[in-house]
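Comments concern the structure below.
The values are calculated or read from the model by the stated rules, or taken from the named source; none is laboratory data. Please read all numbers here as calculations on a predicted model, not as lab measurements. Here the Cβ is made from the backbone with ideal geometry for all residues, glycine too, and neighbour counts use every protein chain on show. Accessible surface is based on the protein model in full, side chains and every heavy atom, while ligands, DNA and RNA are left aside. Shrake-Rupley method; radii C 1.70, N 1.55, O 1.52, S 1.80 Å.
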Amino acid sequence: MWCQRLAWLLRGQRGSTGRRWPWLPRDPGPGPAAPACCHPTAPASPRCAWQLHQDHLELRYGNTLMRLDFVWLRDHCRSASCYNAKTNQRSLDTASVDLAIRPQAVRVDETTLFLTWPDGHVTRYGLEWLARNSYEGQKQQVMHPRILWNAEIYRQAQVPSVDCRSFLETDEGLKEFLQNFLLYGIAFVENVAPTKEDTEILAERISIIRETIYGRMWYFTSDFSRGDTAYTKLALDRHTDTTYFQEPCGIQVFHCLKHEGTGGRTLLVDGFHAAEQVLRRAPEHFELLAKVPLKHEYVESVGGCHNHMIGVGPVLNVYPWNNELYLIRYNNYDRAVINTVPHDVVRRWYHAHRALTAELRRPDNELWVKLKPGKALFVDNWRVLHGREAFTGYRQLCGCYLTRDDVLNTARLLGLQA
């Protein structure tokens, strides 16, 4: 994965200590700084060893070497007095924990870490839980599993559309739809009644509809009274929507209700696939696009519509602990004046932006879809860029934006990783 390669590159820049793990055969000593090792584990259990340091516990479990700060270990205690298992909320007041706290005793058996604190409180952690939830464990995990695609990969996958009735009435149909959406960033529902009202019912199946400056459910033909290129018959290059929001809208729904004319195909490009290619060929470009913040702006003063929106963020947004890409903010129409980049960086940024643009515009990355009445399209606006070709005649679309949190919540409740 690209996130693993970037992590390797960044580690290489920082350098490595080259320190080997000290396998220590002794039992825990009473002194706070005495190193110690756990009991031998059963043959079927992962190997385990631990060592106390001045301010943290170093623990190896299986292939994961963890460095767990004592304050962190006290703060995350899951005992009944520290954590409410019914609400999954912390009861312990973090500010009350002594920042110089150290355990009085440490013990590890085959599955559990036990820590006794100066006040006699005992904290227990399952080793599997620590391996999953430690910083080192999270660095090895992907938050959102995905299948990166170009047009040929997507066509060969033959990702099925989900029937509207199955989507609305069964958990199986909804789960199949959401799994497709999470993996590919796009998903289709077939046999939808071609009305705004039925499209709204469809959208509300998975999320609260996000109301924006464009309303709750947008419904338009080409409308030259709005100050936005999207409301014309012109071609639109690939882009992310609402980059001028502090948080761009998460999911967009499109449903073409009628088209009497030619053209108007929808263009879809997997932005994460394009970013992966940039990382492979020029990791310095990827890193720059992930670090340099830009402004995006939308100014409208037409008729009764008066808006001035500004959103700030880098083109590529990554989780800092595992360098996993989670949002691409790419819109050449709405990018504002570049005044957040110093002179000695700006030309390098243009080179990086050109490299990403070249990937996004590569013909084999373009998936062209003709939207027709009855077929609704859901697009992950944080991942998949969309556009359209110019069209003639009368074309009527409806759609909306969905809140990302609610869509992911629905997926998790159905047992999907999201």
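Might you let me know whether the stretch 175-195 holds any residue that is more than 30 Å from VAL318 (Cβ to Cβ) and surrounded by 19 or more Cβ atoms within 10 Å (Cβ to Cβ)?
Let us first name the residues in the stretch 175-195 that are more than 30 Å from VAL318 (Cβ to Cβ), namely 189-195.
Next, only the ones that are surrounded by 19 or more Cβ atoms within 10 Å (Cβ to Cβ) stay: 189, 192.
Yes, there is a match, as at least one residue in the stretch 175-195 is more than 30 Å from VAL318 (Cβ to Cβ) and surrounded by 19 or more Cβ atoms within 10 Å (Cβ to Cβ).
Scanning the stretch 115-174 for residues that are touching a strand residue (DSSP E or B) at 6+ places or on another chain (Cβ under 6 Å), assigned to a helix (DSSP H, G or I), among the aliphatic types (A, V, I, L, M) and closer than 20 Å to LEU377 by Cβ gives a single hit, ALA151.
Inside the stretch 116-125, residues that are touching a helix residue (DSSP H, G or I) at 6+ places or on another chain (Cβ under 9 Å) and either open to solvent by 40 Å² or more (accessible area, probe 1.4 Å) or farther than 15 Å from ARG67 by Cα (or both) make up a count of 3. Within the stretch 299-314, the residues that satisfy the criterion of being open to solvent by 10 Å² or more (accessible area, probe 1.4 Å) and over 17 Å from the mean Cα position of the chain (by Cα) are VAL299, SER301, VAL302, GLY303, GLY304, CYS305, HIS306, ASN307, HIS308, MET309, ILE310, VAL312. The stretch 337-394 holds strands (runs of 3 or more DSSP E) entirely within its bounds, and those carrying 2 or more residues that are surrounded by 13 or more Cβ atoms within 10 Å (Cβ to Cβ) and not aliphatic (A, V, I, L, M) map to 376-380, 384-388. Within the stretch 230-286, restricting attention to residues that are open to solvent by 10 Å² or more (accessible area, probe 1.4 Å) and among the hydrophobic types (A, V, I, L, M, F, W, C), the residue that is nearest to TYR298 (Cα to Cα) is PHE245. Residue pairs whose Cβ atoms lie under 6 Å apart, separated by 6 or more positions or on different chains, with the first residue in the stretch 304-315 and without any contact (Cβ under 8 Å) to a residue 12 or more places away in the chain and the second open to solvent by 30 Å² or more (accessible area, probe 1.4 Å), are HIS308/VAL299. Listed conditions (1) over 22 Å from the mean Cα position of the chain (by Cα); (2) more than 22 Å from ASN365 (Cβ to Cβ); (3) of a type in the set (S, T, N, Q) are all met by THR266, apart from (2).
Can LEU408 be described as closer than 28 Å to ASP163 by Cβ and either part of a strand (DSSP E or B) or outside the structural domain of ALA203 (by the TED database) (or both)?
Working: closer than 28 Å to ASP163 by Cβ: yes; either part of a strand (DSSP E or B) or outside the structural domain of ALA203 (by the TED database) (or both): no.
Here the answer is no, as LEU408 does not meet what is asked.
Residues in the stretch 335-384 that are modelled with pLDDT under 95 and touching a Ser or Thr at 6+ places or on another chain (Cβ under 6 Å): LEU371 alone.
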